[in-house]
1. Restrict the check to the range 61-76 and report whether at least one residue is free of Cβ contacts under 8 Å to residues at least 40 places away in the same chain, basic (Lys, Arg) and under 24 Å from residue 173 (Cα atoms).
2. Quick one: in the range 129-147, which of the residues that are in a helix (DSSP H, G or I) and open to solvent by 20 Å² or more (accessible area, probe 1.4 Å) is farthest from residue 114 (Cα to Cα)?
3. What is the one condition in (1) closer than 30 Å to residue 386 by Cα; (2) touching a residue at least 24 places away in the same chain (Cβ under 8 Å) that residue 226 does not satisfy?
4. Quick one: count up the residues across the range 174-194 that are away from the ligand (no atom under 16 Å from the Cβ), without any contact (Cβ under 8 Å) to a residue 40 or more places away in the chain and polar (S, T, N, Q).
5. List the helices (runs of 4 or more DSSP H) that sit entirely inside the range 183-302 and contain at least 1 residues that are over 30 Å from residue 156 (Cα atoms) and more than 23 Å from the chain's Cα centre (by Cα).
6. Please work out which residue is surrounded by the fewest Cβ atoms within 10 Å (Cβ to Cβ), limiting yourself to the range 369-403 and to residues that are within 20 Å of residue 46 (Cα to Cα), away from the ligand (no atom under 16 Å from the Cβ) and modelled with pLDDT under 95.
7. Output the number of the condition that residue 159 fails; it satisfies all remaining conditions of (1) closer than 18 Å to residue 108 by Cβ; (2) touching a residue at least 24 places away in the same chain (Cβ under 8 Å); (3) part of a strand (DSSP E or B).
8. If I ask for residues that are away from the ligand (no atom under 15 Å from the Cβ), assigned to a strand (DSSP E or B) and either in contact (Cβ under 8 Å) with a residue 40 or more places away in the chain or of a type in the set (S, T, N, Q) (or both), which ones from the range 303-331 would you list?
Amino acid sequence: MDRLIITGGNRLDGDIRISGSKNSSLPILAATLLADGPVTVGNLPHLQDVTTLIELLGRMGVHVTIDDRMNVEVNVSTIEEFHAPYELVKTMRASILVLGPLLAHFGRAEVSLPGGCAIGTRPVDLHLRGLEAMGAEVEVANGYVYASVPGGRLKGTRLVLDTVTVTGTENLMMAAALAEGTTIIENAAREPEVVDLADCLNKMGGHVQGAGTDTITIEGVVSLSGTVHNVIPDRIETGTYLVAAAATSGRIRVKDTAPHLLDAVLQKLQEAGAKLTLDETTIELDMEGRRPKAISLKTAPYPAMPTDMQAQFTAMNAVAEGTGTITETVFENRFMHVQEMNRMGADIQLQANTAICRGVDHLTAAPVMATDLRASASLVLAGLVAEGDTIVDRIYHIDRGYECIEEKLQLLGASIRRVPA
Ligand code: UD1
């Protein structure tokens, strides 16, 4: 298993390009299962999770071709199996996203249950209940969801989600796209990735309205056709590099991004003392050599602060001036990075779902590891501001969500290298 070795102390300074959004790529690749013709998806990031979803499609007999620019053409006409096996689903929970499209297009699906996860229990009950309300028969046995549609076609209905769920909203929206009649999803997730998926479905001939608000209305159609769609830039990758630059008192220009998707994150960076200059696709952040000021935040569904940025801001607060509190409201167990940062000399106290961070001058290098994607990224950030060589282990988590992280950080002047364990 590879490791990253980071020699801290360098101020980040430079320009990088942001990759396509992981969390858009996964539902959009799953949505290709709905189309009768070939769908080409572009701007896909080169990431393990994207590879896993492509492998999942391939295992079902779907024809997938990839060009050297990571444009993927998917043609489902060769599909033979409607099965998502445990060995793939266990490596990526988002595999559950194939359930809605398989049921809507082919009337049957067998998808392994994702099971436990390092950041909490993360059930999929809302996905299953929604599909049942649309007429699916769903049975959970032997760790699998066995689902079918008596009569062959799902029926539109009104769905009220009692918790805001991103992949739940996406799964049900995809299922509704081919259902008979109208589906209304209330308390829908408003995340930009939901909007990107709706745009793609509409290009395929779907009728989806209201994505980006908490009520999405989908008029089902009889069939969807092939299309070409480029996924939106990754707002979490963008935020991660901005926070890394702020933590190191540095300067950064991130290109090919979408500043309007990062309002809550940019606001907190300004509070931390960053000078920001934006145009339509670029964000420049300059700390003018200053140490960041500690900020307080509370995670919540979009457009509030993303839970996927919480760990990175915790790393910035660890070396900031003053005290900040970080409250996590989306997932119940998402503070595993805190213990590791404290091993590096941070002063962070956990009280229920809040981390109280008292900023220290600098951290000290240590061997660290994390068991989820964003926590691992936050430890890389901690390594950038630590004295000495920080070794970050289990970096397969990082490779699930950050394309070429060491190359991008090197471009910014960081001292970081990957070594085989
Ligand atoms: C997605 C993102 C993930 C992000 C998260 C929250 C993808 C591939 N992943 O994950 O990066 O951290 O949104 O922004 O897009 N819940 C239920 N029942 C369900 C479904 C969810 O109770 O059926 C709960 C979860 O336990 C959690 C909350 O809803 O407390 C939000 O989770 P959800 O939005 O579903 O997260 P994901 O879609 O899995």
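1. no
2. The first filter runs over the range 129-147 and keeps only residues in a helix (DSSP H, G or I), leaving 129-133.
Checking the rest, the ones that are also open to solvent by 20 Å² or more (accessible area, probe 1.4 Å) come to 129, 132-133.
Working: 129: 16, 132: 19, 133: 21 Å.
Among residues in the range 129-147 that are in a helix (DSSP H, G or I) and open to solvent by 20 Å² or more (accessible area, probe 1.4 Å), the one farthest from residue 114 (Cα to Cα) is 133.
3. Every condition holds for residue 226 apart from (1).
4. So the answer is 1.
5. Details: elements: 192-203, 235-247, 263-271.
Because the criterion is at least 1 residues that are over 30 Å from residue 156 (Cα atoms) and more than 23 Å from the chain's Cα centre (by Cα), the helices (runs of 4 or more DSSP H) in the range 183-302 that meet it are 263-271.
6. Per the criteria, the residue is 396.
7. Among (1) closer than 18 Å to residue 108 by Cβ; (2) touching a residue at least 24 places away in the same chain (Cβ under 8 Å); (3) part of a strand (DSSP E or B), residue 159 violates only (1).
8. The answer is 323, 325.
The values are calculated or read from the model by the stated rules, or taken from the named source; none is laboratory data. Values in this document were obtained by computation on a predicted structure and should not be read as measured data. So basically every Cβ, Gly included, is an ideal-geometry build from the backbone, and we count neighbours across all protein chains shown. Each accessible area value is taken on the protein alone, full model and side chains, heavy atoms only, with ligands, DNA and RNA left out. Shrake-Rupley method; radii C 1.70, N 1.55, O 1.52, S 1.80 Å.
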